[in-house]
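The block underneath contains the structure these notes are about, expressed in structure tokens.
The values are calculated or read from the model by the stated rules, or taken from the named source; none is laboratory data. This one's a predicted model, so the numbers in the text were calculated from it and none came from an experiment. Cβ: placed from backbone, ideal geometry, glycine included. Neighbour counts: every protein chain shown. When the accessible area is computed, the model is the full protein with side chains, heavy atoms only, and any ligands, DNA or RNA have been set aside. Shrake-Rupley method; radii C 1.70, N 1.55, O 1.52, S 1.80 Å.
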Amino acid sequence: MNREPILQVKDLKTYFYTEDGIVKAVDGVSFELYQGETLGIVGESGSGKSVTSLTIMRLLDEKARIEGGEVIFKGKELLKLSEEEMRKIRGNDIAMIFQEPMVALNPVYTIGDQIMEAIILHQKVKESEARKIAIDLLRKVGIPEPEKRVDQYPHQLSGGMRQRAMIAMALSCRPQILIADEPTTALDVTIQAQILELMKELQREYGMALIMITHDMGVIAETADRVAVMYAGKVVEYGTVDEIFKKPKHPYTYALLSSIPRLDVEKQELKSIPGTVPDPLNFPPGCRFHPRCDFAKEECKNIDPELVEVSPGHYTACPFYKVLEGVEVK
């Protein structure tokens, strides 16, 4: 693996200015992505995962402001580019699969038209050639009768086929980075497994880096090389998938893992995390996880912990991470 990261996100901050106050959706997020690897970003709904990806793509709405940080793609600082320069990168070098294909796909255009748009824009080919490429892409992602499906509208496809069409659209320009935001949400388990396997195959074929965003730790275990665990707008743990799953160093990661059913245990009591993700308009003082943490100490109310390296490449934002040593994930 090339040890020069293809993407660096440094201390990224994205806030939404609303009538009720400032929502700190992303509040100091940092990570790196290397060529050919899969980085999993995991956390409960409301932790800032999707806003992080939309900030990288510069697809935020008018209420959002990027208040700080850097997003560096192959030496280019994306946050300083003009919108015209960003359009050349978006979809061409960095592509995204959105969370709900029925919303992301335009209902008044055929699947083929939507795939061909990016091909014509970025590859400068004629419409007839773009159509051939679109049909080949639909075939590659496993859609039957692609010559017929290319002229159909989103509502004429099943959920699994819409998701495959979204993947075909994202791959239309052979991007170097693919961001997949909850790519298997609302799909049944069989289709979910097929989509994940398809993405792994295409990643190997194209040699692209992948950011997999999900709340499902099982998906992360299946696909990721490294993992960033997010909570309340921050990365609270960061490391290889083996370190995160076998030796978690943050109570939130431990709690997430403890809520997953295990096939190797005959009878088990699934653990739930008490409470809910805090209101981003009113984060608790100190560590944002301490009101829900089984290992919280009095000091946790007063310190806002930063990520520290506890072993090579493994970082945690809990100064009391040693309480988890020897604690088995149940």
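Some notes on this structure:
- For the range 67-78, a residue qualifies if it is crowded, with 16+ Cβ neighbours inside 10 Å and either β-branched (Val, Ile, Thr) or closer than 18 Å to LYS24 by Cα (or both), and the qualifying residues are GLY69, VAL71, ILE72.
- Failed item in (1) farther than 26 Å from THR184 by Cβ; (2) over 23 Å from the mean Cα position of the chain (by Cα); (3) assigned to a loop (DSSP other than H, G, I, E, B), with LYS271 passing the rest: (1)
- Every pair of residues 6+ apart whose Cβ atoms lie under 7 Å, when the first sits in the range 175-198 and is closer than 17 Å to ASP93 by Cα and open to solvent by 50 Å² or more (accessible area, probe 1.4 Å) while the second is assigned to a helix (DSSP H, G or I) and aromatic (Phe, Trp, Tyr): none
- Residue count for the range 232-255, restricted to those that are under 21 Å from ASP304 (Cα atoms) and open to solvent by less than 30 Å² (accessible area, probe 1.4 Å): 14
- Of all residues in the range 90-102, those that are in a loop (DSSP other than H, G, I, E, B) have Cβ atoms under 6 Å from Cβ atoms of residues that are of a type in the set (D, E, K, R) and at pLDDT 85 or above, 6 or more apart or on another chain, in PHE98/ASP181; GLN99/ASP181; GLN99/GLU182.
- Subset of the range 289-330 that is without any contact (Cβ under 8 Å) to a residue 24 or more places away in the chain and open to solvent by less than 40 Å² (accessible area, probe 1.4 Å) - its residue that is farthest from PHE245 (Cα to Cα): CYS300
- Among the residues of the range 85-116, those identified as open to solvent by 40 Å² or more (accessible area, probe 1.4 Å), closer than 20 Å to GLN152 by Cβ and either basic (Lys, Arg) or modelled with pLDDT under 90 (or both) are PHE98, GLU100, MET102, VAL103, ALA104.
- When each of VAL227, VAL219 is tested for being open to solvent by less than 10 Å² (accessible area, probe 1.4 Å), under 17 Å from LYS49 (Cα atoms) and modelled with pLDDT under 95, the lone residue that passes is VAL219.
- Hey, PRO280 part of a loop (DSSP other than H, G, I, E, B), open to solvent by 40 Å² or more (accessible area, probe 1.4 Å), under 16 Å from SER47 (Cα atoms) and not charged (D, E, K, R) or not: yes
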